[in-house]
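Enquirer: Sharing a structure, written as structure tokens. Questions coming.
The values are calculated or read from the model by the stated rules, or taken from the named source; none is laboratory data. What you see is a predicted model; the values in this text were computed from it and never measured. FYI the Cβ positions are ideal-geometry reconstructions off the backbone, even for glycines, and counts take in every protein chain you see.
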Amino acid sequence: MSEDDTTDADTPMPTADPAAIDPIRVRGLRKRYGRVMALAGVDVTVEPGTVHCLVGPNGSGKTTLLRTLLGLVEPSAGEVSVPDVRLGTAFQRPSHYDQLTVADNLDVFGALADADEDWAETVLDRLGLDVVRDRIAGELSGGYSRKLDLALALQKEPAYLLLDEPLGDLDDVTKLRLLEFLGDYRDAGHGVVVSTHNLGQFAEAVDHLTIVYDGEVLLDAPREAIDVPDEDLQEFYVERVLEAASGAE
């Protein structure tokens, strides 16, 4: 069965009250690696109940920012305020156990997260992993491997979901279904943070846009404040980066 054969089950989505969840706040964040300034005074606020896109070319500092929010990177300066809530994350490099089956991975991570069984089955079905539940994770295609990592991140029903290029390796139909799922998760009150260089794929879902280039924030604004149609949003981002790059020469 192909990766396209996913079904959208009429199953409950866990809800969160955005008014009861504090935002993630970053102020004056700097991170230096030797002579390289990966983040140069970044200010960002991520609100619950939104899809927040961190957009920038490779090496712009997006992944460093995500890893700092998760406590995986120690900032050189600045303040990072992350509320005491559950966070879920999926990076480009798989984090599952290759030698276990999909079902066993979900069981192990679910036990660690004290996951609700009904929610675990919902995630399995909505992400189309039910058809490969008995397959060894290390033998999955790139698309299924990416979806498994996302499923593991969702096990603990995180208040904030932090994703690094979540649509990589996915076919077009699966991308649309995943975007629908992330939109539903946002609409249920959770925050979704997406790091990507392909803003066009998220144009219809993004609520807040932060453009990062060379460790600095070029733009940080709610989507409604950006007077650009969805189909032109990728070009808008690229032009802003090119302007910054030419100005730095």
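Enquirer: Against the definition (aliphatic (A, V, I, L, M), within 30 Å of residue 229 (Cβ to Cβ), under 16 Å from the mean Cα position of the chain (by Cα) and surrounded by fewer than 21 Cβ atoms within 10 Å (Cβ to Cβ)), how does residue 163 come out, yes or no?
Expert: Working: aliphatic (A, V, I, L, M): yes; within 30 Å of residue 229 (Cβ to Cβ): yes; under 16 Å from the mean Cα position of the chain (by Cα): yes; surrounded by fewer than 21 Cβ atoms within 10 Å (Cβ to Cβ): no.
No; evaluated as a whole, the condition is false for this residue.
Enquirer: Could you tell me which numbered condition residue 84 fails, if it satisfies all but one of (1) free of Cβ contacts under 8 Å to residues at least 40 places away in the same chain; (2) outside any loop (DSSP other than H, G, I, E, B)?
Expert: Only one criterion in (1) free of Cβ contacts under 8 Å to residues at least 40 places away in the same chain; (2) outside any loop (DSSP other than H, G, I, E, B) is unmet by residue 84, namely (2).
Enquirer: Also, quick follow-up: Collect the residues in region 15-66 that are crowded, with 16+ Cβ neighbours inside 10 Å, among the polar types (S, T, N, Q) and part of a loop (DSSP other than H, G, I, E, B), keeping them in residue-number order.
Expert: Passing the criteria: 50, 60.
Enquirer: Continuing with the same structure: If you take the residues of region 77-96 that are surrounded by fewer than 16 Cβ atoms within 10 Å (Cβ to Cβ) and either farther than 21 Å from residue 19 by Cβ or of a type in the set (Asp, Glu) (or both), which of them is farthest from the chain's Cα centre (by Cα)?
Expert: Among them, the one singled out is 77.
Enquirer: Please work out which one of (1) among the hydroxyl-bearing types (Ser, Thr, Tyr); (2) in contact with a His (Cβ under 9 Å, 6 or more places away or on another chain); (3) surrounded by fewer than 22 Cβ atoms within 10 Å (Cβ to Cβ) is the condition residue 196 fails and give its number.
Expert: (2)
Enquirer: Next question. Pairs needed: first member in region 60-74, farther than 16 Å from residue 217 by Cα; second member anywhere, of a type in the set (D, E, K, R); C-beta distance under 7 Å; at least 6 residues apart or different chains.
Expert: If the second residue must be of a type in the set (D, E, K, R), the pairs left are 73/31; 73/67.
Enquirer: Follow-up question, since we're still on this one. Just to check your reading of the model, which residue among 48, 94, 57, 12 is outside the structural domain of residue 191 (by TED's automatic domain parsing) and touching a Phe, Trp or Tyr at 6+ places or on another chain (Cβ under 9 Å)?
Expert: Working: 48 fails: outside the structural domain of residue 191 (by TED's automatic domain parsing); 94 fails: touching a Phe, Trp or Tyr at 6+ places or on another chain (Cβ under 9 Å); 57 fails: outside the structural domain of residue 191 (by TED's automatic domain parsing).
After ruling out the rest, the residue left standing is 12.
Enquirer: Separate question: Filtering region 166-177 down to residues that are assigned to a helix (DSSP H, G or I) and in contact (Cβ under 8 Å) with a residue 40 or more places away in the chain, which residue is surrounded by the fewest Cβ atoms within 10 Å (Cβ to Cβ)? Let's see the steps before the verdict.
Expert: Of the residues in region 166-177, the ones assigned to a helix (DSSP H, G or I) are 172-177.
This time we only want the ones that are in contact (Cβ under 8 Å) with a residue 40 or more places away in the chain, so: 173-174, 177.
Details: 173: 14, 174: 22, 177: 21.
It comes out as 173.
Enquirer: Take the residues in region 94-115 that are within 23 Å of residue 177 (Cβ to Cβ) and not in a helix (DSSP H, G or I), then tell me which one is modelled with the highest pLDDT. Spell out how you get there, then give the answer.
Expert: Of the residues in region 94-115, the ones within 23 Å of residue 177 (Cβ to Cβ) are 94-96, 101-103, 105-106, 109-110, 115.
Then keep just the ones that are not in a helix (DSSP H, G or I); that gives 94-96, 101, 115.
Numbers: 94: 75, 95: 81, 96: 90, 101: 95, 115: 84.
So the residue we want is 101.
Enquirer: Among the candidates 118, 149, 125, 134, which residue alone is part of a loop (DSSP other than H, G, I, E, B), of a type in the set (Asp, Glu) and not assigned by TED's automatic domain parsing to the domain that holds residue 23?
Expert: Working: 118 fails: part of a loop (DSSP other than H, G, I, E, B); 149 fails: part of a loop (DSSP other than H, G, I, E, B); 125 fails: part of a loop (DSSP other than H, G, I, E, B).
Just one listed residue meets the conditions, 134.
For (1) in contact with a Pro (Cβ under 7 Å, 6 or more places away or on another chain); (2) free of Cβ contacts under 8 Å to residues at least 40 places away in the same chain; (3) within 23 Å of residue 65 (Cα to Cα), each residue gets a yes or a no:
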residue: 107; (1), (2), (3): no, yes, no
residue: 110; (1), (2), (3): no, no, no
residue: 131; (1), (2), (3): no, no, no
residue: 137; (1), (2), (3): no, no, no
residue: 150; (1), (2), (3): yes, no, yes
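Enquirer: Sticking with this structure for a sec: Looking only at region 202-225, decide whether some residue is more than 14 Å from residue 50 (Cβ to Cβ), crowded, with 17+ Cβ neighbours inside 10 Å and either of a type in the set (Gly, Ala, Ser) or without any contact (Cβ under 8 Å) to a residue 12 or more places away in the chain (or both).
Expert: The answer is yes, given that some residue of region 202-225 is more than 14 Å from residue 50 (Cβ to Cβ), crowded, with 17+ Cβ neighbours inside 10 Å and either of a type in the set (Gly, Ala, Ser) or without any contact (Cβ under 8 Å) to a residue 12 or more places away in the chain (or both).
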